[in-house]
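Reviewing the structure listed below.
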Amino acid sequence: MPPKRTNDGFVVPALPKRFRAESAMPASRETSPATLRPRASSVSRAHPVNDKRLVPEESWKYGRNKFGAENTHLIVFETPGNQLFARVYSLCNKIYWRCMGCRRLDNKATRAEFINENLYVPVPTFHRCRPKRYDEIREEQLKLERKFAAACAIDE
Ligand SMILES: [Zn+2]
């Protein structure tokens, strides 16, 4: 359609049908950057949050709890390559791992988690507890092992 002209011959500027209505409207949920990012709950699954560290496979081991159940404790060496100090995480409700030292101090923030079979634990600054000497932990574990291995032997 040719532009309208007044009787004087001036071009009447045509108003757009919808005066930039699209850009004035808020971005839709699908395209807004906020919703393109994964939700907070999925972030910790795919990429561990930066308050956790990856524990090398040789820097942690399973342990027993005081009832002798195997694989209910995680013994995690504080410094990779050094077996002097460790922190112990216990399995709670068969779902998550919680730092035992912090549990005693009522600090709920320190959980360990497995992501794709890799173990991640909170960095030291998130702990309110102090790491324990590994020789004490090992001594305790050996006692439990002897006690419960003996119990099993009697059962048989
Ligand atoms: Zn702790």
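Entry remark, the stretch 110-147: residues being hydrophobic (A, V, I, L, M, F, W, C) and in contact with a helix residue (DSSP H, G or I) (Cβ under 6 Å, 6 or more places away or on another chain) number 1 in total. Note on the stretch 102-121: among residues that are within 11 Å of the ligand (Cβ to nearest atom) and in contact with a strand residue (DSSP E or B) (Cβ under 6 Å, 6 or more places away or on another chain), the one that is modelled with the lowest pLDDT is Thr110.
The values are calculated or read from the model by the stated rules, or taken from the named source; none is laboratory data. In this text, all values refer to a predicted model and were calculated from it rather than measured experimentally. Positions of Cβ are backbone-derived with ideal geometry, glycine not excepted, and every protein chain shown enters the neighbour counts.
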